[in-house]
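Below is one structure, written out as C-alpha coordinates; the observations come after it.
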Amino acid sequence: MIDLKLPSGQHLNPESTNVYKIKLADKEIEIAENLRSASLKNPKLPIKVPFKLNPGVEKANLEVQFTFAYCPIDDTKGVCKLKTLVWNVPIEIDKASKEHVIKLSHQVK
(Lines give C-alpha, C1' and ligand atoms only; values in the text may rest on other atoms or scores of the structure.)
Protein backbone atom coordinates (compact mmCIF):
# COMPACT_ATOMS: atom_id res chain seq x y z
CA MET A 1 0.00 0.00 0.00
CA ILE A 2 1.22 3.49 -0.82
CA ASP A 3 0.40 6.18 1.71
CA LEU A 4 1.39 9.84 1.92
CA LYS A 5 1.21 12.34 4.72
CA LEU A 6 0.91 15.72 3.01
CA PRO A 7 1.73 19.02 4.72
CA SER A 8 -1.13 20.73 6.51
CA GLY A 9 -3.38 22.58 4.04
CA GLN A 10 -2.23 20.45 1.07
CA HIS A 11 -3.99 17.72 -0.93
CA LEU A 12 -3.36 15.61 -4.01
CA ASN A 13 -4.27 17.62 -7.07
CA PRO A 14 -7.64 16.15 -8.19
CA GLU A 15 -6.99 17.31 -11.79
CA SER A 16 -3.54 15.72 -12.08
CA THR A 17 -2.71 12.15 -13.03
CA ASN A 18 -0.73 10.32 -10.35
CA VAL A 19 1.35 7.36 -11.50
CA TYR A 20 2.79 4.35 -9.68
CA LYS A 21 5.10 1.69 -11.10
CA ILE A 22 6.21 -1.50 -9.38
CA LYS A 23 9.28 -3.44 -10.48
CA LEU A 24 9.72 -6.93 -9.10
CA ALA A 25 13.35 -7.78 -8.46
CA ASP A 26 12.62 -11.50 -8.30
CA LYS A 27 9.75 -13.97 -8.68
CA GLU A 28 8.98 -14.31 -4.96
CA ILE A 29 6.09 -11.83 -5.09
CA GLU A 30 3.34 -12.04 -7.69
CA ILE A 31 1.51 -8.92 -8.82
CA ALA A 32 -0.78 -9.09 -11.83
CA GLU A 33 0.82 -7.43 -14.85
CA ASN A 34 -2.04 -4.93 -15.19
CA LEU A 35 -1.56 -3.83 -11.55
CA ARG A 36 2.19 -3.21 -11.73
CA SER A 37 1.61 0.31 -13.02
CA ALA A 38 -1.34 2.64 -13.08
CA SER A 39 -2.25 6.23 -13.86
CA LEU A 40 -4.78 7.44 -11.32
CA LYS A 41 -6.83 10.62 -11.20
CA ASN A 42 -7.74 11.81 -7.70
CA PRO A 43 -6.88 8.52 -5.93
CA LYS A 44 -7.97 7.76 -2.39
CA LEU A 45 -5.01 7.18 -0.09
CA PRO A 46 -3.72 4.71 0.76
CA ILE A 47 -3.44 3.08 -2.67
CA LYS A 48 -3.73 -0.68 -2.28
CA VAL A 49 -2.20 -3.15 -4.74
CA PRO A 50 -3.00 -6.84 -4.17
CA PHE A 51 -0.15 -9.34 -4.31
CA LYS A 52 0.61 -13.00 -3.60
CA LEU A 53 3.66 -14.56 -2.04
CA ASN A 54 5.02 -17.72 -3.54
CA PRO A 55 5.05 -20.65 -1.07
CA GLY A 56 8.13 -20.87 1.09
CA VAL A 57 9.20 -17.27 0.50
CA GLU A 58 11.28 -15.76 3.29
CA LYS A 59 12.76 -12.71 1.55
CA ALA A 60 11.96 -10.66 -1.53
CA ASN A 61 12.76 -7.30 -3.11
CA LEU A 62 10.78 -4.77 -5.06
CA GLU A 63 11.01 -1.20 -6.29
CA VAL A 64 8.04 1.16 -6.20
CA GLN A 65 7.94 4.55 -7.88
CA PHE A 66 5.12 7.02 -7.26
CA THR A 67 4.78 10.37 -9.05
CA PHE A 68 2.15 12.78 -7.79
CA ALA A 69 1.11 16.42 -7.74
CA TYR A 70 -0.02 18.16 -4.59
CA CYS A 71 -1.42 21.64 -4.08
CA PRO A 72 -2.79 23.96 -1.44
CA ILE A 73 -6.42 23.16 -0.66
CA ASP A 74 -7.06 26.90 -1.14
CA ASP A 75 -5.62 27.34 -4.65
CA THR A 76 -5.10 31.08 -4.07
CA LYS A 77 -2.40 30.26 -1.48
CA GLY A 78 0.39 28.87 -3.66
CA VAL A 79 1.38 26.62 -6.53
CA CYS A 80 1.13 22.89 -7.11
CA LYS A 81 4.25 20.77 -6.77
CA LEU A 82 5.25 17.62 -8.60
CA LYS A 83 7.18 14.94 -6.73
CA THR A 84 8.50 11.45 -7.45
CA LEU A 85 9.28 8.98 -4.69
CA VAL A 86 11.22 5.75 -5.17
CA TRP A 87 11.27 2.99 -2.59
CA ASN A 88 13.72 0.06 -2.89
CA VAL A 89 12.20 -2.43 -0.51
CA PRO A 90 13.89 -5.53 0.91
CA ILE A 91 11.12 -7.64 2.45
CA GLU A 92 11.34 -10.29 5.14
CA ILE A 93 8.29 -12.51 5.53
CA ASP A 94 6.86 -13.27 8.97
CA LYS A 95 5.51 -16.82 8.64
CA ALA A 96 3.38 -16.39 11.78
CA SER A 97 1.47 -13.44 10.31
CA LYS A 98 -1.99 -14.17 8.93
CA GLU A 99 -2.02 -11.05 6.77
CA HIS A 100 0.78 -9.76 4.56
CA VAL A 101 0.86 -6.01 3.96
CA ILE A 102 3.73 -4.02 2.51
CA LYS A 103 3.20 -0.45 3.65
CA LEU A 104 5.14 2.34 1.95
CA SER A 105 4.70 5.66 3.70
CA HIS A 106 6.24 9.07 3.19
CA GLN A 107 5.93 12.38 5.01
CA VAL A 108 5.94 15.07 2.28
CA LYS A 109 7.68 18.26 3.40
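The values are calculated or read from the model by the stated rules, or taken from the named source; none is laboratory data. The shown structure was predicted, so the numbers you read here are calculated from the model rather than taken from an experiment. Note: ideal-geometry Cβ built from the backbone for every residue, glycine included; neighbour counts use all protein chains shown. The area values use the complete protein model at the heavy-atom level, side chains included, leaving out ligands, DNA and RNA. Shrake-Rupley method; radii C 1.70, N 1.55, O 1.52, S 1.80 Å.
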Exercise for review: Sticking with the crude label model, points 7 Å out along Cα→Cβ, report the distance from Lys21 to Ile73 in nm, one decimal please.
Suggested key: 3.3
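If you roll a 1.4 Å probe over the heavy atoms of the protein chains, what accessible area per residue do you get for the range 1-70, in Å²?
Working: 4090 Å² over 70 residues.
Computed with neighbouring chains in place, this is 58 Å² per residue.
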Exercise for review: Could you tell me the accessible area of Ile73 in Å² (1.4 Å probe, neighbours in place), rounded to the nearest ten?
Suggested key: 110
Check your understanding: If you find the alpha carbon centre of the range 7-49 and of the range 61-109, how far apart are they in angstrom?
Key -> 8
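State, as an integer percentage, the relative contact order of the chain based on alpha-carbon contacts under 8 Å between residues 6 or more apart. Mind dumping the intermediate values first?
Numbers: 201 pairs, mean separation 40.6, N = 109.
Normalised by residue count, the contact order of the chain is 37 percent.
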Practice item. Under 18 Å Cα to Cα from Lys109, which lysines show up? Leave out anything in the same chain fewer than 8 places away. Key: Lys5, Lys77, Lys81, Lys83
Practice item. Pull out the extension gain between Glu63 and Lys109, defined as 0.36 nm times the separation in residues minus the alpha carbon to alpha carbon distance; nm, one decimal. Key: 14.4 nm
Review point. How far, in nm, would the chain grow between Leu45 and Ala32 when pulled straight, counting 0.36 nm per residue and subtracting the alpha carbon separation?
Key: 2.6 nm
Exercise for review: With θ set to phi - 60°, apply the Karplus curve 6.51 cos²θ - 1.76 cosθ + 1.60 along the range 8-14 and write out the HN-Hα couplings as whole Hz, x wherever there is a Gly or Pro.
Suggested key: 3, x, 10, 8, 5, 5, x
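Can you tell me the FRET efficiency between Glu99 and Ser8 if r is taken as the Cβ-Cβ distance and R0 is 25 Å, rounded to the nearest 0.05? Present the calculation step by step, with values, prior to reporting the outcome.
Details: r = 31 Å, r/R0 = 1.26.
It comes to 0.20.
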Practice item. Quantify, in whole percent, the carbon and sulfur part of the accessible surface of the chain (1.4 Å probe; protein heavy atoms only). Key: 49
Exercise for review: Please give every one of the aspartates and glutamates within straight-line cross-link reach of Lys27, meaning a C-alpha to C-alpha distance under 15 Å, and leave out same-chain neighbours fewer than 8 residues apart.
Suggested key: Glu58, Glu63, Glu92
Check your understanding: Which of Val49, Val89, Val79 moves the most in a Gaussian network model of the chain with Cα springs under 10 Å?
Key -> Val79
Practice item. About the Cα centre of the chain, how large is the charge dipole given +1 on each Lys and Arg Cβ and -1 on each Asp and Glu Cβ? Please answer in debye to the nearest 20. Key: 180
Review point. Given the protein chains as shown and a 1.4 Å probe, how many square angstrom of Ser37 are accessible, to the nearest 10?
Key: 60
